[in-house]
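Single-structure report; data block below.
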Amino acid sequence: MLKIQMFSSATKVKGQGVGSAYTELIELLRKKLSGKLEISINKLGKSDISHYHTIDPLFFLTTFLPGRGRKIGYVHFLPETLEGSLKLPFLIKKIVYRYVIAFYRRMDQLVVVNPIFIKDLEKYGIPKEKITYIPNFVSKDVFFQQSQDVTENFRKKLGIARDRFVVLGVGQVQERKGVPDFIELAKKLPEYQFVWVGGFSFGKITDGYDELKKVVDNPPKNLVFPGILDRSSMNDYYNLANVFLLPSYNELFPMSILEAFSTGTPVVLRSLELYEVILKGYYLDAENIDGFKQILQKIAENKDLINEMNEKSLRASEYYSEDNLAKIWYSFYCEQTAMV
């Protein structure tokens, strides 16, 4: 039995995808590989593998202790993907960015959730052979299609008419996520109901905080911000929506997209190269507000298109299934221990 030591503080800050990805992986490994892996969290016992999910300075110090086994780093972000997320003084930003890369270089092997970022890590001097691509996934036990009765009751609870077209966005309220565009679309399409689930996970240092806070506190009549919700509540919101829209400018592999797929919700994204590599054929995309507006109107007016996108979302969710990913992770861990 392999001894896996997990290091993570991902669940301390609510409303961020890193925490969701970490939670999904721990539950997957314990459910599917309980007889093959012995997992402990944030301890310093001897292990075959130390898997680092977050880059805390204290975790970095543990990499210099004996008994760590093979050191695995999970790459949930790069310095460039932090742009538009946090507003930091220039000097502090430079220090943080250098630390991020120093942490990654300290690892024996890195895992990326999108293969497009392998070349970006290579630019920082990390050899390609030290990087492995393993995608994110979500559990069908948590995110699934609800019955029409359940969804209609939830709409009634929120005061949303049964036949009103609902556009859902999920993520931190910040510039990088494209929230300003989401707000502008709500203004341009007053006949639709817009819902953005998420909040300011990092408070006032969130990029664009002052302007976005004004809108969150006083949104257009057809836009609501429920705030940061427990993950257990999110399935209701995905099922509530007619379409999931993520106008983000920069991502690695958002968990929210997989969650939407798993509920069969049609997905609309910004036209980004990173999505083409891992999700091509399963979503609709646009480059700007006008493009998003046209797509949303097209979906709202075309029942056949909604059904087509619903089927595509469900097909995508099968590829990123628990059974498939459990096999991939176990094979990866075995390969790593063989290298010690």
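The values are calculated or read from the model by the stated rules, or taken from the named source; none is laboratory data. Fair warning: this is a prediction, and the values are worked out from it, not measured in the lab. Neighbour counts run over all protein chains shown; Cβ positions are idealised from the backbone, glycine included.
Of all residues in segment 1-57, those satisfying the criterion of being under 25 Å from residue 200 (Cα atoms) and hydrophobic (A, V, I, L, M, F, W, C) are 7, 10, 13, 18, 21, 25, 55. Quick check, is residue 227 on the phi > 0 side of the Ramachandran plot and small (Gly, Ala, Ser)? Yes, satisfied. Restricting attention to segment 180-239, the residues being part of a helix (DSSP H, G or I), within 19 Å of residue 166 (Cα to Cα) and within 22 Å of the chain's Cα centre (by Cα) number 12. Of the residues in segment 37-57, none is of a type in the set (Lys, Arg), in contact with a strand residue (DSSP E or B) (Cβ under 9 Å, 6 or more places away or on another chain) and modelled with pLDDT of 95 or more. Of the residues making up segment 100-132, those that are among the hydroxyl-bearing types (Ser, Thr, Tyr) and modelled with pLDDT of 95 or more are 104, 132.
Here residue 268 passes the criteria (1) more than 27 Å from residue 152 (Cβ to Cβ); (2) free of Cβ contacts under 8 Å to residues at least 40 places away in the same chain; (3) under 19 Å from the mean Cα position of the chain (by Cα) except the one numbered (1).
A residue that is β-branched (Val, Ile, Thr), in contact with a helix residue (DSSP H, G or I) (Cβ under 9 Å, 6 or more places away or on another chain) and closer than 22 Å to residue 22 by Cα occurs nowhere in segment 153-169.
Among what's in segment 298-340 and is of a type in the set (S, T, N, Q) and within 16 Å of residue 266 (Cβ to Cβ), pick the residue that is modelled with the lowest pLDDT.
Going through the qualifying residues, I end up with 317.
Of all residues in segment 16-38, those that are without any contact (Cβ under 8 Å) to a residue 12 or more places away in the chain and assigned by TED's automatic domain parsing to the domain that holds residue 74 have Cβ atoms under 9 Å from Cβ atoms of residues that are of a type in the set (Val, Ile, Thr) and in a strand (DSSP E or B), 6 or more apart or on another chain, in 30/39.
Restricting attention to segment 276-290, the residues being in contact (Cβ under 8 Å) with a residue 12 or more places away in the chain and not in a loop (DSSP other than H, G, I, E, B) number 7. The number of residues in segment 286-318 that are under 29 Å from residue 36 (Cα atoms) and exposed (fewer than 14 other Cβ atoms within 10 Å of the Cβ) comes to 1.
When residue 255 is tested against (1) over 21 Å from residue 137 (Cα atoms); (2) surrounded by 13 or more Cβ atoms within 10 Å (Cβ to Cβ); (3) at pLDDT below 95; (4) not acidic (Asp, Glu), exactly one condition is not met: (1). Which ones in segment 104-147 are within 24 Å of residue 60 (Cβ to Cβ) and of a type in the set (Asp, Glu)? Within segment 104-147, 108, 120, 122, 129 meet the criteria.
Among 218, 242, 222, which is the only one that is surrounded by fewer than 15 Cβ atoms within 10 Å (Cβ to Cβ) and either out of contact with any helix residue (DSSP H, G or I) (no Cβ under 6 Å at 6 or more places or on another chain) or not aromatic (Phe, Trp, Tyr) (or both)? The match here is 218. Scanning segment 49-62 for residues that are closer than 20 Å to residue 337 by Cα and either surrounded by fewer than 20 Cβ atoms within 10 Å (Cβ to Cβ) or basic (Lys, Arg) (or both) gives a single hit, 62. Every residue in segment 263-278 that is touching a Leu at 6+ places or on another chain (Cβ under 8 Å) and either polar (S, T, N, Q) or at pLDDT 90 or above (or both), please. Across segment 263-278, the qualifying residues are 264, 265, 266, 267, 268, 269, 270, 275. Looking at this structure, is residue 332 surrounded by fewer than 20 Cβ atoms within 10 Å (Cβ to Cβ), assigned to a helix (DSSP H, G or I) and within 23 Å of the chain's Cα centre (by Cα)? Yes.
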